[in-house]
1. When you check GLU112 against the structure, is it touching a helix residue (DSSP H, G or I) at 6+ places or on another chain (Cβ under 6 Å) and loosely packed, with under 15 Cβ neighbours inside 10 Å, yes or no?
2. Restricting attention to region 158-195, report how many residues are small (Gly, Ala, Ser) and touching an Asp or Glu at 6+ places or on another chain (Cβ under 8 Å).
3. Which residue pairs have Cβ atoms under 9 Å apart, sit 6 or more places apart or on different chains, and have a first residue in region 25-36 that is farther than 16 Å from GLY99 by Cα and a second that is aromatic (Phe, Trp, Tyr) and open to solvent by 40 Å² or more (accessible area, probe 1.4 Å)?
4. Within region 40-75, track down each residue that is over 20 Å from LEU166 (Cβ atoms), of a type outside the set (Gly, Ala, Ser) and either open to solvent by less than 70 Å² (accessible area, probe 1.4 Å) or in a loop (DSSP other than H, G, I, E, B) (or both).
5. Of the conditions (1) farther than 16 Å from TRP110 by Cα; (2) at pLDDT 95 or above; (3) of a type in the set (S, T, N, Q), SER163 satisfies every one except a single condition; which number is it?
6. What do you reckon, is ALA126 open to solvent by less than 30 Å² (accessible area, probe 1.4 Å) and either closer than 23 Å to ARG14 by Cβ or more than 13 Å from the chain's Cα centre (by Cα) (or both)?
7. Applying the selection to region 132-150, what residues are farther than 13 Å from GLY162 by Cα and under 13 Å from the mean Cα position of the chain (by Cα)?
8. Checking LEU104 against (1) open to solvent by less than 40 Å² (accessible area, probe 1.4 Å); (2) touching a residue at least 24 places away in the same chain (Cβ under 8 Å); (3) farther than 21 Å from LEU34 by Cβ, which single condition isn't satisfied?
Amino acid sequence: MQKSVQTPPSRTRRLQRDKDFTGGRLSSFREVFLRHGLPGLSLAVLCFAVPGLPTAFLEGLARGLANPALYGGGFVLVFLALAGYACLIDGRWSFARLGWVVYLGALSFWEEWVFRLALPHMLEGAGISVWLAAGLSALVFGGAHYFTLRWKLQWCVGAVIGSLLLSRQMQVHEDLLLISAFHWIATLLNTPRPPGQNG
C-alpha cells in the first residue's frame with residue numbers, strides 16, 4: 001500500500017494584488033522595507049526639519065515622558081503578548097518572527113508620527129480644518145499601502161478607515177505612544193508572519 005503525500009495548501013494572496021503597473025508580489029523583508037519601511041522612515045525623519053513639528057512631536061510624547069515606568073511596562077506587556085501570538089499561530093518561535101514584531105512596532109510609531117501628527121499639523125497650518133486634515137492624511141496613508149505594499153483595494157479602504165479612527169483617538173488622548181500601540185497591535189494581528197510567509 002502506497003502512502004499518499006499531501007502537500008500543504010498554498011497561502012492565498014490575502015493582502016497583495018496580482019502583478020500590475022506597481023510591480024510584482026513582495027515576498028521578502030528586504031522588498032517590504034525598501035518599498036514601504038525605508039520611504040516611511042525617511043519621511044518621518046524629514047518631518048523634523050519642518051518648523052513647529054519637533055514641538056508637536058515632543059507634545060505627543062509628553063505623557064510617556066512624564067510616566068516612563070507606566071509606559072515602559074505597557075510596552076513590555078504589549079511586546080510580549082504580540083511576540084507570543086506571532087509564535088503561537090504556527091506553533092514555532094524564531095528570530096525572524098521576533099524581528100518582525102519589533103519592526104512592526106517601529107513602523108507603527110513612525111507612521112503614527114507622520115500621519116497622525118506631522119501631516120495633519122502641516123495641513124492645519126495651511127488653513128485646513130482638523131477633520132479635513134485627518135481625512136486627507138488618511139487617504140495618503142491608504143494610498144501609500146496601495147502603491148508601496150501593493151495591497152488590494154479593500155485593504156487600503158480598511159487602512160483609510162483605521163487611520164480615521166486613530167486620528168479620532170489622537171484628538172481625544174493626544175498621546176503618540178498610545179496611538180502607536182493601537183496601530184502596532186492592529187498591524188501585527190493583520191500581518192502576523194514575516195514577508196514570504198504572509199498572503
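1. no
2. Total meeting the criteria: 1.
3. Filtered contacts from region 25-36: ARG35/PHE147.
4. VAL50, PRO51, PRO54, ASN67, listed by residue number.
5. (1)
6. In short, no.
7. Residues satisfying the conditions are ALA144, THR148, LEU149.
8. With respect to (1) open to solvent by less than 40 Å² (accessible area, probe 1.4 Å); (2) touching a residue at least 24 places away in the same chain (Cβ under 8 Å); (3) farther than 21 Å from LEU34 by Cβ, LEU104 is out only on (3).
The values are calculated or read from the model by the stated rules, or taken from the named source; none is laboratory data. Owing to the predicted nature of the structure, the values given are computational and were not obtained by experimental measurement. No Cβ is skipped: glycine too gets one built from the backbone with ideal geometry, and neighbour counts run over all protein chains shown. With ligands, DNA and RNA removed, areas are computed over all heavy atoms of the protein, side chains included. Shrake-Rupley method; radii C 1.70, N 1.55, O 1.52, S 1.80 Å.
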